[in-house]
Every structure is written in C-alpha cells, then in structure tokens.
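Input: a single structure, listed below in structure tokens.
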C-alpha cells in the first residue's frame, strides 16, 4: 500500500471556511427572520456610510478612492420585502458634484436573497469584506428598529469638499495637504476655475449614519449645496 493512499483527505481551504461562515450567518440572521420581516414590513430607516479604497487613514481622500453605501428596506414590483445594499461613487461634471445615480452605480444587492457566487443582485459569499459590511449593517438597522430612542437623523451629512486648482485665488481659504494647496470646491466652481483633483475631508464624518423617515427615497435623493445625490435609483433600478 502506498503512502499516498494512507494520507488524510485534504482539508478545506480558508476561503471555503469563510464562505461557509458567511452562509451560516446569513441563515441565522436573515433567512430565519424572513417570515417575521415580511409581516413587519419595511423598516423606516436607512444607513448611509462611506468606504475608502487605499489610504484609509488620510483625512483628505481623493475622490476616485471614495465610495458611498446605503442600506434600506423597500417593496419590489411583486410587493416582496427586499433589503437593498447600494454602492455608488461620485463624479465631478459641469461644475456639479454628482454622488450616485444610475451612471455612478457600483452595486445594488438584495440581502433577503441567499448569497451566491453567481453574483448579480445577490451577495457573493467570497467577498468577505462586503458581506461583513452588509450583515453588520442589517443587524444594526434591526437594533435601531427595536429601540425607538436610538440616535438618528433626517438629513445626511457629507464630507467637506476641497480641490486642487492650477492657481488658487489669494482671497480664498486654503488647506495645505502634502505639497498640494487645496481650496473649497464650491469656491472653485463659483469662480469657474479648472479643477485638477477633488478631495473629501472626512474628519468627524460618521462612517455610518442612521436616517429615519417613512419614504427612504426622500432621505437618499436630493441636493446639498453644489452637489446632487441619489443613493436609491441605480442602473439596476431606474424607475421612481
């Protein structure tokens, strides 16, 4: 008998274990409460936060490294409860900063659907970071829903937006970041200056905000100064 035939069966990889843990948590946290959730209906809350790709400890984040995430309940076209996790980026165009909307969608997931590697509207259990965020936020919304005195807001807070321009006006507030001189984005667009790079000052901005309101579309769509935002309509869902 060869030594190979005596070898123990190969163990599961760490990736397999991670996928199994995600699925087990989803079954306990979401699937086990789906019937109750359908009876209870839409929770009148939304969570909104931001993610940073690389340079996570910097106060000033380049716009291309920043994305925003929203989690909320709604009813689909068949009147079934869905819990959407929407990710979006921001773009500067025509002197207006646009956050989200169909053209800036990164993903639009339904946490009520079982995670599956096929991806699409389902979470991919192999994406441990996104699954942890999704399930952690869903758990947080549930906690907020059970405790009526939990702190919440009805207006989103946004970063302070700064930018680098070719030549900063002498009468404009400035911030020195490394070897770059930044001015407020609103001042640059008001003066018609050519913007080289946009930065978000996230100092003091909560990584996760709780918004309360019966119509989440009104919470997640609107304008704030020189910017417009839409974390509800995506390239997967364009109708009102």
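Table: residues versus (1) under 21 Å from residue 123 (Cα atoms); (2) modelled with pLDDT under 90.
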{"position": "16", "(1), (2)": "yes, yes"}
{"position": "19", "(1), (2)": "yes, yes"}
{"position": "24", "(1), (2)": "yes, no"}
{"position": "44", "(1), (2)": "no, no"}
{"position": "50", "(1), (2)": "yes, no"}
{"position": "68", "(1), (2)": "yes, no"}
{"position": "72", "(1), (2)": "yes, no"}
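Every listed requirement among (1) touching a strand residue (DSSP E or B) at 6+ places or on another chain (Cβ under 7 Å); (2) in the same structural domain as residue 133 (by TED's automatic domain parsing); (3) in a strand (DSSP E or B) is met by residue 182 save one, (2).
Evaluated against (1) more than 18 Å from residue 91 (Cβ to Cβ); (2) exposed (fewer than 15 other Cβ atoms within 10 Å of the Cβ); (3) assigned by TED's automatic domain parsing to the domain that holds residue 69, residue 222 falls short on exactly one condition, (1).
Among the numbered conditions (1) free of Cβ contacts under 8 Å to residues at least 24 places away in the same chain; (2) part of a strand (DSSP E or B); (3) surrounded by fewer than 17 Cβ atoms within 10 Å (Cβ to Cβ), the only one that residue 228 does not meet is (1). Within the range 195-225, the residues that satisfy the criterion of being without any contact (Cβ under 8 Å) to a residue 40 or more places away in the chain, assigned to a strand (DSSP E or B) and over 17 Å from the mean Cα position of the chain (by Cα) are 196, 223.
A quick yes/no check of all residues on (1) within 26 Å of residue 183 (Cα to Cα); (2) not in a strand (DSSP E or B):
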{"position": "42", "(1), (2)": "no, yes"}
{"position": "69", "(1), (2)": "no, no"}
{"position": "74", "(1), (2)": "no, no"}
{"position": "77", "(1), (2)": "no, yes"}
{"position": "86", "(1), (2)": "no, no"}
{"position": "90", "(1), (2)": "yes, no"}
{"position": "115", "(1), (2)": "no, yes"}
{"position": "133", "(1), (2)": "no, yes"}
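If the condition is being touching a strand residue (DSSP E or B) at 6+ places or on another chain (Cβ under 7 Å) and modelled with pLDDT of 90 or more, then the range 142-161 contributes 144, 145, 156, 157, 158, 159, 160, 161.
Residue by residue, here is whether (1) closer than 23 Å to residue 220 by Cβ; (2) surrounded by fewer than 17 Cβ atoms within 10 Å (Cβ to Cβ) holds:
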{"residue": "26", "(1), (2)": "no, no"}
{"residue": "30", "(1), (2)": "yes, no"}
{"residue": "40", "(1), (2)": "yes, yes"}
{"residue": "53", "(1), (2)": "yes, yes"}
{"residue": "68", "(1), (2)": "yes, no"}
{"residue": "88", "(1), (2)": "yes, no"}
{"residue": "111", "(1), (2)": "yes, no"}
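Taking the range 156-172 as the range and being surrounded by 11 or more Cβ atoms within 10 Å (Cβ to Cβ) and assigned to a loop (DSSP other than H, G, I, E, B) as the test, the residues that pass are 156, 157, 158, 159, 168, 169, 172.
Every residue, every condition in (1) assigned by TED's automatic domain parsing to the domain that holds residue 90; (2) assigned to a helix (DSSP H, G or I), yes or no:
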{"residue": "122", "(1), (2)": "yes, no"}
{"residue": "129", "(1), (2)": "yes, yes"}
{"residue": "149", "(1), (2)": "yes, no"}
{"residue": "186", "(1), (2)": "no, yes"}
{"residue": "192", "(1), (2)": "no, no"}
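The values are calculated or read from the model by the stated rules, or taken from the named source; none is laboratory data. Since the model is a prediction, treat every value here as computed from it, not as a measurement. Counting neighbours? That spans all protein chains shown, and the Cβs are built from the backbone with ideal geometry, glycine included.
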